[in-house]
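The values are calculated or read from the model by the stated rules, or taken from the named source; none is laboratory data. Here the structure is a predicted model, which is why all the values come from computation and not from measurement. Every residue, glycine as well, gets a Cβ built from its backbone with ideal geometry; the counts of neighbours run over all protein chains shown.
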């Protein structure tokens, strides 16, 4: 299945909530969901009944879109989460959060996960001093993510040096060095993504 290349705001409208796919625009009055808070398409404003399966499917789709994964990627990650000890839903979210692209976003080095994925793919970062250009690369406690020296002169990263960034408790960022560290693996209560992961587990368990 090819990656979705259509309007990002359409996905937010389909899920009925902000997925924060376009960075600063999502926080402004230009947000499409604030202007048209109904699903896209000809029948977007019609009333629809939701079944148990429908609710589970929507939750899975919403989670995929939050983190920018395709179906096969998401299913493979779920299978790995299910094979690990602990609560499958918690494992899934923790694995999603500790992907390199998401960590770059959480550190404030990108305005959205979509931008973070693009920056990683273009080779702007290192992990523990080594080139890292795979967005799905899993990180662990103690890993150091830094902007490559050649990239620090770009306007994007110069702007970050002037910013004060608030990060989750499990990561830290030094804006002057353009370097951040994963302090610990996140716990479920440290993940603010509005997803009911138990519905995803129920869907894949059928």
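Within the range 87-96, one or more residues are more than 12 Å from the chain's Cα centre (by Cα), without any contact (Cβ under 8 Å) to a residue 24 or more places away in the chain and in a helix (DSSP H, G or I). Within the range 157-180, the set of residues being free of Cβ contacts under 8 Å to residues at least 24 places away in the same chain and part of a helix (DSSP H, G or I) comprises 158, 159, 161.
The condition of being at pLDDT below 65, touching a helix residue (DSSP H, G or I) at 6+ places or on another chain (Cβ under 6 Å) and in a helix (DSSP H, G or I) holds for only one of 77, 33, that being 33.
How many of the residues making up the range 117-134 are without any contact (Cβ under 8 Å) to a residue 40 or more places away in the chain, farther than 16 Å from residue 180 by Cα and surrounded by 14 or more Cβ atoms within 10 Å (Cβ to Cβ)?
Residues of the range 117-134 without any contact (Cβ under 8 Å) to a residue 40 or more places away in the chain: 118-134.
From what is left, the residues that are farther than 16 Å from residue 180 by Cα are 118, 121-123, 133-134.
With surrounded by 14 or more Cβ atoms within 10 Å (Cβ to Cβ) added as a condition, the list becomes 118, 133.
Looking only at that region, the number is 2.
Hey, can you tell me all the residues within the range 130-151 that are in a loop (DSSP other than H, G, I, E, B) and either touching a strand residue (DSSP E or B) at 6+ places or on another chain (Cβ under 9 Å) or over 17 Å from residue 118 (Cα atoms) (or both)?
If the condition is that a residue be in a loop (DSSP other than H, G, I, E, B) and either touching a strand residue (DSSP E or B) at 6+ places or on another chain (Cβ under 9 Å) or over 17 Å from residue 118 (Cα atoms) (or both), then 132, 133, 135, 136, 137, 139, 140, 141, 142, 143, 148 are the ones that fit.
Close Cβ contacts (under 6 Å, 6 or more residues apart or on different chains) running from residues in the range 141-153 that are at positive phi and surrounded by 13 or more Cβ atoms within 10 Å (Cβ to Cβ) to residues that are part of a strand (DSSP E or B) and at pLDDT 95 or above are absent. Scoring residue 189 on the criteria (1) exposed (fewer than 13 other Cβ atoms within 10 Å of the Cβ); (2) touching a residue at least 24 places away in the same chain (Cβ under 8 Å); (3) within 17 Å of the chain's Cα centre (by Cα) leaves a single failure, condition (2).
Just to be sure, is residue 123 on the phi > 0 side of the Ramachandran plot, over 16 Å from the mean Cα position of the chain (by Cα) and outside any helix (DSSP H, G or I)? Let's see the steps before the verdict.
Working: on the phi > 0 side of the Ramachandran plot: yes; over 16 Å from the mean Cα position of the chain (by Cα): yes; outside any helix (DSSP H, G or I): yes.
It is true that residue 123 is on the phi > 0 side of the Ramachandran plot, over 16 Å from the mean Cα position of the chain (by Cα) and outside any helix (DSSP H, G or I).
Checking each residue in the range 46-69 for being in a loop (DSSP other than H, G, I, E, B), farther than 13 Å from residue 202 by Cβ and modelled with pLDDT under 95 picks out 46, 47, 48, 49, 50, 68.
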